[in-house]
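Just so it is clear, none of the values below were taken in a lab; they were calculated from the coordinates. Note that the structure is predicted; figures quoted are calculated from it, not measured. Every residue, glycine among them, receives a Cβ derived from its backbone with ideal geometry; neighbour counts consider all protein chains shown.
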Amino acid sequence: MQAQPQLVLFAKKPSVVVEAVCAAWTRDFDIWQAARGPVARARVSENMGPEAALTRAGDTFGRAGQAGPGLPQLAQECEEFSQMVAEGGRAAA
């Protein structure tokens, strides 16, 4: 899969801004060294690590579980609709 250039630039712009601001404060700032630091590593781990993935999955399954009680009614409505279409669009009596 090829990355879209506009998305690459969109993701790159904040890091360029941060690097420019930090360079204005001190000329010896190295953004790559800062990215390897404990604060950056912790932030990445919290948002992109295995625990974050499991938390997002749990949240997603929790929301899906909330839809569960309405599924039988939805299935009934779908069945009635498909029957109506099969009969040429007439409403069931």
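Given a 10 angstrom Cα cut-off, can you work out which residue in Gly62, Gly49, Gly70 is the most mobile in a GNM of the chain?
Most flexible of the set in this elastic network: Gly70.
Stick to Cα atoms and the Kirkwood definition of Rh, then tell me Rg/Rh for the chain. Let's see the in-between values first.
Numbers: Rg = 25.7 Å, Rh = 18.9 Å.
Reported Rg/Rh (Cα atoms, Kirkwood Rh): 1.36.
If you take the charge dipole of the chain about its Cα centre, with +1 on Lys and Arg Cβ and -1 on Asp and Glu Cβ, which of Gln33, Gln83, Leu71 is farthest toward its positive end?
Going by the Cα projections, it comes out as Gln33.
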